[in-house]
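Worksheet: one structure, shown below.
The values are calculated or read from the model by the stated rules, or taken from the named source; none is laboratory data. Here the structure is a predicted model, which means the values were calculated and not measured. Note that each Cβ is placed from the backbone with ideal geometry, even for glycine, and that neighbours are counted across all protein chains shown. Please note that ligands, DNA and RNA were not included when accessible areas were found on the heavy atoms of the full protein model with its side chains. Shrake-Rupley method; radii C 1.70, N 1.55, O 1.52, S 1.80 Å.
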Amino acid sequence: MEIDLTRVLCRVEELGATGCREFKLGGGDWPVRGFIVRSGTAIHAYLNRCAHMALPLNMLPDRFLTHDGSLILCTAHGALFEKSTGYCVAGPCLGQSLERVPVRVAAGCVMLADDVDIAALAARYD
Ligand code: FES
């Protein structure tokens, strides 16, 4: 199987015990920033931008979850999001959702889904 290295976000094993890992796409001062989160056996990815004020969700590298690991936490104002949907279940953006980044797992790597246009994703990130 041939792997397009430009679409690889990380190796699955790099998700580690927390199941979370940040990624960047593109270069320059304003790359697209997102994160990957494991939920059970499924792997999801979202833009690292809170539905509330478009701030990054984390303050520490790769730290996106509540203490018990059950929900995604925005550290700015405490919004909580489901890992499998990105839906906000508590906080100032209740009922809104994180923006999903479609991914797939192949050859032990988390990759952008084939139909994701990286330039279009970057445009949505602006
Ligand atoms: S920016 Fe995330 S809850 Fe306010």
Could you estimate the translational diffusion coefficient of region 1-57 from the Stokes-Einstein equation, with Rh from the Kirkwood formula over C-alpha pairs, at 25 °C and 0.890 mPa s, in whole µm²/s? 194
Of the residues 81, 98, 119, the Cα lying farthest along the dipole of the chain towards its positive end, which is defined by charges on the beta carbon of Lys, Arg, Asp and Glu, belongs to 81
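Which value, in Å², gives the accessible area per residue of the chain when a 1.4 Å probe is used on the protein heavy atoms?
55
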Keeping the other protein chains in place, figure out the carbon and sulfur percent of the accessible area of the chain, with a 1.4 Å probe. 54
If N is the number of residues in region 34-73, what value comes out of its Cα radius of gyration divided by 2.2 N^0.38 Å? 1.14
Let me know the Kirkwood hydrodynamic radius for the chain, please, with Cα pairs as the basis and the value in Å to one decimal. 14.7
Length-normalised contact order of the chain, Cα under 8 Å, at least 6 apart, in percent, tallies to 24
Give me the net charge for the shell around residue 99: Cβ to Cβ below 11 angstrom, other residues only, Lys and Arg +1, Asp and Glu -1. +3
The chain, dipole about Cα centre (Lys/Arg Cβ +1, Asp/Glu Cβ -1), debye to the nearest 20: 240
Return the whole-Å distance between the Cα centroid of region 55-126 and the Cα centroid of region 1-42. 11
